[in-house]
Each structure stands twice: as structure tokens, then as C-alpha cells.
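The values are calculated or read from the model by the stated rules, or taken from the named source; none is laboratory data. Here the structure is a predicted model, which is why all the values come from computation and not from measurement. Please note: Cβ atoms are built from the backbone with ideal geometry, for glycine as well, and neighbour counts cover all protein chains shown. The area values use the complete protein model at the heavy-atom level, side chains included, leaving out ligands, DNA and RNA. Shrake-Rupley method; radii C 1.70, N 1.55, O 1.52, S 1.80 Å.
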Amino acid sequence: MTDTFDLIVIGSGPAGYSAAIRALDYGQHVCIIEAKHVGGAGVMNGALTSKTMYELSLDYAVAARIDRGYRAGSLSVDFSEVKKTVLQAAKEKQYQMLSQIETFSREKSKSGSLSIEYGWAKFLTPYSVEVRSIEGTKELHGKNFIIATGSRPREYTDLQIDGERIITSDGILDLKEFPERMLIIGSGIIGCEFATIFSNFAQTEVHLLDRAHKVLPYEDDDVSDFVSKNLEKNGVLIHHTATLRTIRKHTDHLEIVLDYQDGHSKVIEVDVVLVAIGRIPNSEGLGLEAIGVDLDERGNIPIQDDCVMRDGRGHCHIYAAGDVTGHTQLYSVAEFQGRMAAEKIGDVPQYPLDYSHMSTLMFFKPEVAAVGANEKQLQKKKIAYKAAYYSNKLVNRAIAMRNTNGFVKLLVSNDDERRILGMRAAGPQASAFIISVAHLINQGNSLQEVLKIFYPHPSIPEGIQECMRIIDNKSIYKPEAFPDLIHIREWNPE
Ligand SMILES: Cc1cc2nc3c(=O)[nH]c(=O)nc-3n(C[C@H](O)[C@H](O)[C@H](O)COP(=O)(O)OP(=O)(O)OC[C@H]3O[C@@H](n4cnc5c(N)ncnc54)[C@H](O)[C@@H]3O)c2cc1C
């Protein structure tokens with residue numbers, strides 16, 4: 001059997017796996033090369049494992065509640081059992097992925113096929129890669145390539161990740177027990193998610209280091225403030241405007257020195273430090289320099305139209321997709337980019353990539369979801385808008401759930417069209433209904449059109465309907481009667 005493939009995909013994360021499967025759809029013989037875990041950060045030490053841990057932590061937090069007329073007796077949690085369940089979830093997904101690869105294996109499948117090689121891939125020429133593993137080295141040839149090597153945690157300068165007491169998100173599942181005290185460096189989504197998870201389990205004193213005044217500094221202030229307030233309500237100690245000066249390692253604890261913007265310093269004691277200061281692309285060691293591909297200043301693989309390299313006839317035969325390209329680091333974006341690269345190779349019709357209706361889910365307590373533009377982005381682009389805010393305290397379904405901590409904030413263009421530009425939502429089910437607004441943005445819908453739709457009752461998205469009505473001054477509940485729960489404001493560039 002020849003080791004030449006129509007397509008070689010480097011990396012089996014959301015970008016690589018989806019690209020491989022899409023190429024199979026149109027009969028390509030595809031080989032996926034994976035250096036570590038099938039599924040990449042989409043499955044292991046990333047989206048799926050962290051979400052499994054989040055769900056378990058929420059279950060625990062619900063069981064621990066004592067304000068609902070029931071009370072669980074002698075509640076306890078065992079970190080090794082939590083880890084086992086998280087790994088079960090990851091394996092379940094990995095075996096689904098592998099089952100599909102086996103179903104379409106080269107031996108069985110005639111029209112198109114999937115193979116997987118384990119090892120580190122490195123380009124030898126623009127049409128061949130070497131795959132190095134403990135079993136040895138082999139050379140594979142491909143007509144086309146997709147580089148989908150993802151990203152890894154950024155490390156803190158001068159701070160040695162030891163994998164035991166000083167870890168990144170890759171090391172969470174190596175912990176032996178719930179730390180008694182933990183410092184999380186970085187207050188972006190991943191830092192705030194782990195702060196939520198560990199505080200939900202209530203076994204760890206969680207410190208969150210926030211270099212800025214606000215967590216999630218790219219989000220609107222009302223969203224950041226809401227997230228901060230709820231983290232604190234959950235027991236997280238947030239150190240705003242603080243930076244890490246040093247960590248002194250002692251046998252039974254870590255001594256941390258924090259410097260605050262106003263000049264004072266503070267020494268705290270923890271057991272584990274989790275570094276969550278972003279992710280950097282996996283673009284080294286791929287032999288790209290040997291084939292004439294330069295990286296950008298951040299180490300991302302620069303792409304033009306997703307293309308990394310063209311042959312002498314101008315035909316693109318090396319593409320890149322997912323985190324390694326430096327675009328928004330999200331599972332859905334990686335998957336979409338991977339599929340698109342495969343479609344370009346196959347010269348089959350593609351849906352154009354449009355980030356204007358991209359959604360982001362944030363697994364906090366309560367969950368937060370974002371779609372489209374926020375106020376900061378619209379102001380930066382000088383786009384006039386109206387913002388309507390509606391608290392879940394007025395939403396019957398939330399009242400019935402006894403869970404009214406949340407809101408919907410809808411942004412609409414401040415012109416005759418009144419197109420929906422974005423939404424931020426927090427509270428129960430926000431991650432599920434955000435997609436309904438992504439559709440509205442994608443379709444360029446105006447308020448008039450959307451207000452014709454019946455919103456089922458009782459449902460949390462009725463808050464969205466009320467937001468739209470507020471903008472039209474025809475809501476059922478009025479801002480004048482509930483000034484704390486309903487607001488409307490407008491912003492114009494002048
Ligand atoms: C803790 C955490 C939580 C997250 N939660 C979410 C979430 O809730 N929602 C969301 O949308 N996104 C989430 N993400 C982000 C999401 O996981 C990534 O955006 C996504 O996995 C990127 O996919 P990818 O295919 O580009 O890369 P990856 O998933 O990183 O996969 C790349 C693969 O390539 C392999 N590889 C690298 N170099 C080589 C080589 N030379 N040879 C062979 N193989 C190689 C790697 O081993 C890896 O398996 C989370 C990430 C983290 C870390």
C-alpha cells in the first residue's frame with residue numbers, strides 16, 4: 001500500500017478532524033497525523049474536559065444548596081472520582097472519533113478513506129512529511145495538506161511550570177486532590193471558568209489575579225462587573241490590578257508576592273498556582289522554515305484566504321485552520337475553518353466565513369453567552385446603536401426556576417433599519433438560546449420582522465422579546481416602573 005494520500009491533516013483537534021471528515025465526503029483518501037490526544041484541546045485538557053468538570057461542579061453546587069426546601073445529607077466530593085468521570089467523558093468522545101476513522105479505514109472504504117498515524121509531523125518538502133514516534137520514523141506523501149496543530153497554554157515569563165504545584169490548564173487532571181488554596185493567574189475566560197469550577201466544589205480557597213480593573217477586559221463593563229460580582233459571591237477572592245512579583249516555594253506551600261497598581265504589595269499563601277494567561281500557536285518544529293513558510297510576529301501561521309502555500313501554477317496545496325492561524329480560539333471557529341479548507345481543496349462550494357454572528361459561551365455561575373458585537377466594539381467602529389437591558393428577575397420562567405440572576409442585553413442599530421447587531425446574555429440556558437440571535441444577525445433581520453414571532457411561554461428567551469419591544473417603546477413591563485431591571489440607552493458617534 002502506498003503512503004501517498006490526497007490529503008494529509010496535521011492535528012486531530014476540531015479543525016483537523018472536521019477537515020478530514022469533510023474531505024472524506026467528496027471521496028478523498030485522508031491521513032490524520034496526531035502527536036498526542038485524539039480530539040486535541042477540543043477534547044482533552046480543553047473544551048470537553050473543562051466542561052465536564054464544570055457540569056460536575058454545578059451538580060455539586062446545586063446539591064449543596066439549602067434554600068430550596070430540600071437538603072442533601074453529608075455531601076462530599078472526591079477529586080479522583082471527579083477526574084475519573086472527566087476522563088470517561090473524554091474517552092467517550094475519542095472512541096466515537098476513532099470508530100468513525102475505523103469505519104472509513106483504507107482497507108474497507110473504496111470511495112474515500114481515513115487513516116490515522118500517531119507521531120510528530122514535520123514537513124520535509126512541500127509534498128512530504130516525516131512522522132516521528134517512539135516506534136520510529138516514517139515518511140508520508142500528500143497532494144494537499146492542512147496544518148491544524150492548534151495551540152498550547154502561554155507560560156509566564158520566569159515561572160517554571162512544574163506540572164505539580166505550578167500548572168497550566170493542561171495540568172488540571174494531573175492534580176491528585178482538590179488544592180486547599182489556589183491562585184489562578186489570568187482573568188480571561190479560561191481563568192474565570194476554572195475559578196467558577198473550583199469555587200463551585202467549595203473545597204478550595206480560590207484567588208484570581210486580575211491585572212486590569214475588570215475581569216474579561218474585552219467585554220462591556222456591565223458584563224465584566226456581573227461576572228466579577230458572581231465570582232465573589234461564589235467565594236472567589238479577586239485581586240484586581242495586581243501582578244505577580246514572585247513565588248517562593250516552600251515544602252508545604254507556595255508564598256506569593258503580589259504587587260498592586262496603587263503601590264502596595266501583598267503576600268498570600270497557596271498550594272497550587274494555575275497559569276491561565278492565554279494560548280500560543282503550535283507552529284514550531286513543523287519544518288515550515290524548510291519549505292519556505294514564515295510565521296508572523298506572534299508565531300501564528302499567516303494565511304491568505306486560508307492558504308499557506310501555493311504550487312508553481314498558483315494552486316493552493318497547503319492550508320492552515322484553527323487556533324494555529326491566530327484567529328479567535330474557539331472550537332466552532334476551528335471546526336468551521338477546517339471544513340472550509342477541505343472544501344477549498346476539493347473545490348466544492350463553501351459557506352463564506354462570517355465572524356459577525358460568532359457566539360462565545362462562558363461557563364461561569366451563572367453562564368454567560370455573547371454573540372455579535374458588544375458596545376465597546378460598536379463604539380470603536382463608530383456605529384450608532386441602541387442597547388436594551390432586561391433582567392431575568394422579570395422573566396416568568398426564571399422566577400419559576402427560582403433562578404433570576406441574569407439578564408439579556410440586546411444591541412440594535414440606531415437607524416431606520418434597526419438591525420440586530422449583538423447580544424450578551426447571562427443566566428440559565430443562555431448558552432442554548434444565544435444561537436437564535438446569531439440567526440437573526442446572520443439574516444440581517446430588523447426588529448419589525450422579529451417582533452412578529454411568538455416566543456413560547458414560559459421561556460427564558462422571552463427576555464429577548466421584551467428587549468426588542470423596549471426599543472420600540474412597547475414592552476409589557478416598562479423601564480419607568482422597574483428602573484433597576486430594565487434600561488434602554490443609545491449611543492451615537494457624535
Ligand atoms: C481549558 C480550555 C477550555 C476551552 N473551552 C472551550 C469552550 O468551552 N468552547 C470553545 O469553543 N472553545 C473552548 N476552548 C478552545 C478550543 O478547545 C480550541 O479553540 C480548539 O480546540 C482549537 O482546535 P484546533 O483543532 O485548532 O487545535 P487543538 O484542539 O489544539 O488540536 C491540535 C492538535 O494538533 C496536534 N499537534 C500539534 N502539533 C503537531 C505535530 N507537529 N504533529 C502532529 N500533531 C500535532 C496536537 O497534539 C493537538 O491534538 C477551550 C480551550 C481550553 C484550553
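Side notes on the structure shown:
- The dipole here belongs to the chain: it is taken about the Cα centre, uses +1 on the Cβ of Lys and Arg and -1 on the Cβ of Asp and Glu, and is about 1000 debye.
- Among 209-217, 249-257, 178-186, sorting by the average number of other beta carbon atoms lying within 10 angstrom of each residue, highest first, gives 178-186, 209-217, 249-257.
- With Cα atoms defining each centre, the range 111-142 and the range 48-74 are spaced 45 Å apart in the structure.
- Highest-first packing order for the peptide set 69-76, 48-55, 198-205 is 198-205, 48-55, 69-76, based on the mean count of other beta carbon atoms within 10 Å.
- With every protein chain in place and a 1.4 angstrom probe, the accessible-area ranking of MET44, MET362, MET401, largest first, reads MET401, MET44, MET362.
- Dipole of the range 181-222, positive end: most advanced residue of ILE190, PRO217, ALA202 [Cβ charges, Cα centre]: ALA202
- Antiparallel beta bridges, as assigned by DSSP with both residues in the chain, represent about 65 percent of the total such bridges.
- In straight-distance terms, cross-link reach from LYS229 covers every one of the lysines whose alpha-carbon lies under 24 Å from its own, apart from those fewer than eight places away in the same chain; here that gives LYS51, LYS214, LYS266, LYS365, LYS376, LYS393, LYS409.
- Residue (of LEU410, HIS315, SER359) at the positive-pole extreme of the chain, dipole from beta-carbon charges: LEU410
- Residues whose amide H comes within less than 5 Å of that of ALA320, counting only those at least five positions distant or on another chain, are ILE147, VAL308 (H built at 1.01 Å from N in the peptide plane).
- Candidate cross-link partners of LYS138 among the lysines, defined by an alpha-carbon separation under 19 Å and a same-chain spacing of 8 or more, comprise LYS36, LYS122.
- Overall, the accessible surface of the chain at a probe of 1.4 angstrom is composed of carbon and sulfur to the extent of 50 percent.
- Straight-line cross-link partners of LYS452 among the lysines, defined as a Cα under 17 Å from its Cα and at least 8 positions apart when in the same chain: LYS474.
- Its relative contact order, with pairs defined as Cα atoms under 8 Å and 6+ residues apart, puts the chain at 14 percent.
- Dipole size of the range 68-178 about its Cα centre, with +1 on Lys/Arg Cβ and -1 on Asp/Glu Cβ: approximately 520 debye, rounded to the nearest 20.
- Of all DSSP beta bridges in the range 181-321, antiparallel share, percent nearest 5: 55
- For the listed peptides 383-390, 333-340, 467-474, 79-86, a ranking on the average number of other beta carbons within 10 Å per residue, highest first, reads 333-340, 383-390, 467-474, 79-86.
- Applying a length cut-off of 27 Å (Cα extent along the axis) and a mean Kyte-Doolittle floor of -1.0 to the DSSP H helices of the chain leaves 79-103.
- A cysteine counts as unpartnered when no other cysteine's C-beta lies under 4.7 Å of its own; in the chain this applies to CYS31, CYS192, CYS467.
- Accessible surface, per residue, of the chain when the full set of protein chains is kept, probe 1.4 Å, Å²: 48
- Rh by Kirkwood over Cα pairs, then Stokes-Einstein D for the range 366-491 at 0.890 mPa s and 25 °C, µm²/s: 171
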